[in-house]
Amino acid sequence: MSLKHSYTLAAPFYDAFLTAATRGARKRSLSALSHFPPRDVLLLGVGTGLDLPHLPNQHRYVGLDLTAAMLLRARPRAANLQFIPLRGDVQRLPFGDASFDVAVLHLILAVVPAPTLCLAEAVRVLKPGGQLLIFDKFLRRGEAGWKRLLNPLTCWKRSAASG
C-alpha cells in the first residue's frame with residue numbers, strides 16, 4: 001500500500017492517535033515563531049493541521065501534504081491564519097530555491113521513504129539565514145543515529161554560506 005493511500009485511509013483517525021500525545025512538543029517547537037516579524041513559513045507534511053492552532057498569526061503559511069484527505073481536515077484549523085493548503089511531495093518540493101524563511105518538519109522525517117531527500121529539499125527552499133524547525137520522535141530501526149544527533153526538538157539556522 002502506498003504512503004498516499006495509507007494516509008488517505010488514516011485521515012479520519014489520525015487526530016485521535018496523535019493530538020494528546022504530541023500537543024506539548026508541537027507547542028514548544030512552534031513557540032519560536034512567536035518572536036519573529038512576519039515571515040513565509042512552509043509546513044512540510046501539514047497533515048490534518050495539528051500544528052495550526054499553535055501558530056502565531058503574523059506569518060504567511062503554506063501547508064504541504066501528500067493527500068487531499070489530510071488537507072481537507074487541516075483547512076478549518078487555519079481559520080485565523082494566512083494559510084495556503086497545497087498537495088505535494090515533501091521529497092520533491094514545488095518551490096524555487098530560497099523561497100521560505102522557515103520550514104517546519106513535524107513528524108515527517110520518520111514516515112517518508114527518503115528522509116534525507118526531504119531534509120535536503122527543506123534546506124534548498126530556505127532563504128539564507130532561514131530556520132528549520134524539526135520535531136520527529138518516531139524512529140525506524142537503523143535510523144536512530146543521525147536523527148538522535150539532530151535531537152527530537154531542533155532549531156537549525158541556515159547560514160548564508162550554505163546557500
>> Residue pairs, Cβ under 8 Å, 6 or more apart or interchain, first in region 43-59 and within 13 Å of F83 (Cβ to Cβ) and without any contact (Cβ under 8 Å) to a residue 40 or more places away in the chain, second crowded, with 20+ Cβ neighbours inside 10 Å and among the acidic types (D, E). List them.
In response: V46/D65
> Which pairs have Cβ atoms under 7 Å, sit 6 or more apart or on different chains, and link a residue in region 65-81 that is more than 17 Å from L42 (Cα to Cα) to one that is not in a strand (DSSP E or B)?
Replying inline: A69/T8; A69/A11; R73/A11; R73/T48; R73/G49
> Looking at region 15-118, what strands (runs of 3 or more DSSP E) fall wholly within it and have at least 2 residues that are surrounded by fewer than 19 Cβ atoms within 10 Å (Cβ to Cβ)?
Replying inline: 82-87
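With the structure loaded, tell me whether Q58 is closer than 21 Å to L132 by Cβ, under 14 Å from the mean Cα position of the chain (by Cα), at pLDDT 90 or above and not small (G, A, S) or whether it fails that test. Even if it seems obvious, please write down each step before you answer.
On the way: closer than 21 Å to L132 by Cβ: yes; under 14 Å from the mean Cα position of the chain (by Cα): no; at pLDDT 90 or above: yes; not small (G, A, S): yes.
No; evaluated as a whole, the condition is false for this residue.
Run down D101, D136, D89 and say which single residue is among the acidic types (D, E) and in contact (Cβ under 8 Å) with a residue 40 or more places away in the chain.
Details: D136 fails: in contact (Cβ under 8 Å) with a residue 40 or more places away in the chain; D89 fails: in contact (Cβ under 8 Å) with a residue 40 or more places away in the chain.
Residue meeting the stated conditions: D101.
The values are calculated or read from the model by the stated rules, or taken from the named source; none is laboratory data. All values reported here derive from a predicted model rather than from experimental measurement. For neighbour counting, all protein chains shown are included, and Cβ atoms are generated from backbone atoms with ideal geometry for every residue, glycine included.
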